[in-house]
Every structure is written in C-alpha cells, then in structure tokens.
Amino acid sequence: MKDFSKILLNWYKLHKRVLPWRDIQDPYRIWISEIILQQTRVAQGYDYFLRFVKRFPDIDTLAAASEDEVLKYWEGLGYYSRARNLHAAAKSMKGVFPTTYEGVLGLKGVGEYTAAAICSFAYRMPYAVVDGNVYRVLARLFGIHTPTDSTEGKKEIAALAQKLLDKKYPDDHNQAIMDFGATQCMPQSPNCQICPFVKKCKAHAAGEVELLPIRTAKVQTANRYFSYIYVKQGTDTWIRRRPARDIWQGLYELPMLETPKAITADDLKKTDFWKNTFGRKSPLLVQGPVKHVLSHRVIYAWFYEVQIPPASAVAPGYIKVEASSLEKYAFARLVQKFLTTQK
C-alpha cells in the first residue's frame, strides 16, 4: 500500500486530537506522557499528566522528590512500578535526557515501543511505534492472521510498521496511526463506513473485521479476599506500607487480612490476626463486599471499623498517624475511595 502514509496523514489532519504532550519536542514531558499511557487510557491519563508535570516539571525536580511523593502523585493510575521506574530513571539521568535511541531504551521502565515513541516525537527519528492500536490497524488492513501475542506476530507487525513509516514525518505518522486505532479502527464497532482505507482493507473485504487481530493467550484471573480494618484511636488511625513482590508494592494500606475465601465479621474475630492485633474487641462492618477489578485479579474487599483507646500501643508493623493527614500518603485506589467516605 504505497499511499498508506499519505492517506493516514490526511485523515490525521482532520481528526487529530489536541493533547498537552503533542506538538512539543520536550523529551521529558513526552516520556512522562508515554509512561502514563502505557496502561492508561488517554481520557484518564490527561489530568494525571497535567498534575504530574506541574509538580515535577523537569528531570531534576522528579529526581529530587521522595518516592512517597511520586507515588502520591501517581495515586489512582495503577501499575505503580511505572512511577517507581520513572523516579529511578530520573535519578540516573543526572539532569540530562538521553538523545539517542539506545540511550532512551536504556532507561529503566522503557521498552522498544516507548523508546520509539519518545525518539520519533522528540527527535523525529525514524522509529515506528507498535502498540495495541497499531497491531489492530495493520492486522485488519493487511489481513494478518498470525497471532499478535506470538513472537512471529510481533516481528511481522513490527517489520510492516517500519516499512510503512513516513521517514520524513515519523512523529506525525506515529501519532496518526495510534489515533486512528483509538478513534476510528476501534476494537469493537469500528467506523468502517467512513474509513479512508475501507476499499483497501483485507479484513473488511473478507468480513473478518471483528476477528482480527488474533490473540491466543487468555488472561487468567484469580479472586482475592481482603478484610480491611479502619482503626479509630482518638483522632489517629493505623497504616502500614505494603510489602514487596505483590500488588500495590510500596503503597500504604489499612491493617488488612487476606483469606482464601470470603469471611464474616464473626469469622474475622476468630482469626489469630484479629486476636493478636485487637484482642476481644468486635469488628464493625462499614462497607462491603466491594469488587475491585485488576488486570489479572479480582479483589473482594470488606471494610471494618474498630475503636482503640487513645493510650493503647500500636500493633507491631503499623504506624499511628492523624486521620486528617491520610491524604499525604499514597494508597491503592480501592482503599483511597473508602477513606474519602470517612471524612
């Protein structure tokens, strides 16, 4: 399709989305936007981007911040390893953003797609981006049946994307194809009737638009059951930092017990966790079950309340903080949403 880029760029001129990380050559801000958008839709990431770069406008301010503050500004976006990698990468740059593809690719948390995006947008280097939108667009237009989650499929799409890339305007080309996949050639109910490629699209001609792209892997989900305890100790409450090697690593949480299945308040009171932490006091159910869906897990959570005398000692592993100061700490969205109901 020799005129692919020409058709694509003409479409882009009419349908280009106005976004704060576009039409700039600042690699730092482009990097921030790309990391946010790795696992986040544009509509959700928009305000987070503005808030993040307002607080951390350059490499030095991000590098100088504490990890807790960086996580707080990331609160609600999920996939918190992205924020920790951003922070670590900023520290490694010593105030200077890399200017080569290899240098950008060497940053912690940056893969081939993100490096290609940053280099093409900031430096107009001829690297094609290949994300989910690109997989879908090219698989449909060119009738590619190789599974896009296979090594062969990834190589095939990447080679095709690079071959189609407009070397003169790689930035606009890459932005255009991603926008095209996000707003025109969508996963469900794509706008084929007004698609500029409709007469050239192999999937449309074969009636396979809904079939392509093909993926073979199925996401296995697991249920987890959390019982959270909101401690009321005068004007204070208890929190702890979540352990490593699990979801929400490094964020704060309320005292919590995970069980193999859902339990009642009576069951909770009989556990060693409750006996060792709260003795004979009774848990008061405040909220639950609350269903919280992650990519590979479904969390079912119950929130309880317990009253502790002001002079009581804090259980090992927890810290006592003013309840009014909880907004200074980064929590998983599940817990943060509960805490907003306690104000």
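Using only the Cα atoms of the stretch 222-340, build the gyration tensor, take square roots of its eigenvalues as a ≥ b ≥ c, and label the shape rounded, prolate or oblate: rounded if a/c is under 1.5, else prolate if a/b is larger than b/c, else oblate.
Oblate is the answer for the stretch 222-340, as a/c is 1.5 or above yet b/c matches or exceeds a/b.
Take the alpha carbon atoms of the stretch 112-185, find their center, do the same for the stretch 42-58, and report the distance between the two centers in whole angstrom.
The stretch 112-185 and the stretch 42-58 have Cα centres spaced 25 Å from each other.
If only Cα atoms are counted, what is the Rg of the stretch 1-160, and what is its Dmax, in Å?
In order Rg, Dmax, the Cα atoms of the stretch 1-160 give 16.8, 50 Å.
Could you line up 239, 214 from fewest to most neighbouring Cβ atoms inside 10 Å?
The fewest-first ordering by Cβ neighbours comes to 214, 239.
In this model, which of 94/163; 232/275; 16/91; 13/163 are farther than 24 Å apart at the alpha-carbon?
94/163; 16/91
Determine, from the Cβ-Cβ distance of residue 200 and residue 108 and an R0 of 45 Å, the FRET efficiency 1/(1 + (r/R0)^6), rounded to the nearest 0.05.
0.65
Suppose every K and R has +1 on its Cβ and every D and E has -1 on its Cβ; what is the size of the dipole of the chain about the Cα centre, in Debye to the nearest 20?
In debye, rounded to 20, the chain gives about 360.
Calculated from the structure, percent of Cα pairs over 36 Å apart equals which of (i) 24; (ii) 35; (iii) 19?
Checked against the structure: label (ii).
Please give the length that would be gained between residue 284 and residue 50 if that part of the chain were fully extended, namely 0.36 nm times their separation in residues minus their C-alpha to C-alpha distance (nm, one decimal).
Values: separation 234, 0.36 × 234 = 84.24 nm, distance 3.97 nm.
In short, 80.3 nm is gained.
Using a simple charge model, +1 on the beta-carbon of Lys and Arg, -1 on the beta-carbon of Asp and Glu, nothing else, what dipole does the stretch 4-206 show about its Cα centre, in debye to the nearest 20?
In debye, rounded to 20, the stretch 4-206 gives about 640.
Contour minus end-to-end for residue 149 and residue 221, with contour as 0.36 nm per residue of separation and end-to-end as the Cα-Cα distance?
24.1 nm
Rounded if a/c is under 1.5, else prolate if a/b is larger than b/c, else oblate: which is the stretch 96-237, with a ≥ b ≥ c the root eigenvalues of its Cα gyration tensor?
Details: a/c = 2.24, a/b = 1.36, b/c = 1.64.
Oblate shape, in that a/c is at least 1.5 and b/c is the bigger or equal ratio.
Sticking with the crude label model, points 7 Å out along Cα→Cβ, report the distance from residue 325 to residue 265 in nm, one decimal please.
3.1 nm
Kirkwood hydrodynamic radius, the stretch 13-68, all distinct C-alpha pairs: what's the number in Å?
That comes to 12.2 Å for the stretch 13-68.
Can you find, among 274, 310, 249, the residue farthest towards the positive end of the dipole of the stretch 222-340? Put +1 on the C-beta of Lys and Arg, -1 on that of Asp and Glu.
Checking the options against the dipole of the stretch 222-340, the answer is 249.
Values quoted throughout were computed directly from the atomic coordinates according to the rules given, and no laboratory measurement underlies them. What you see is a predicted model; the values in this text were computed from it and never measured. Virtual Cβ from ideal backbone geometry, glycine too; neighbours counted across all protein chains shown.
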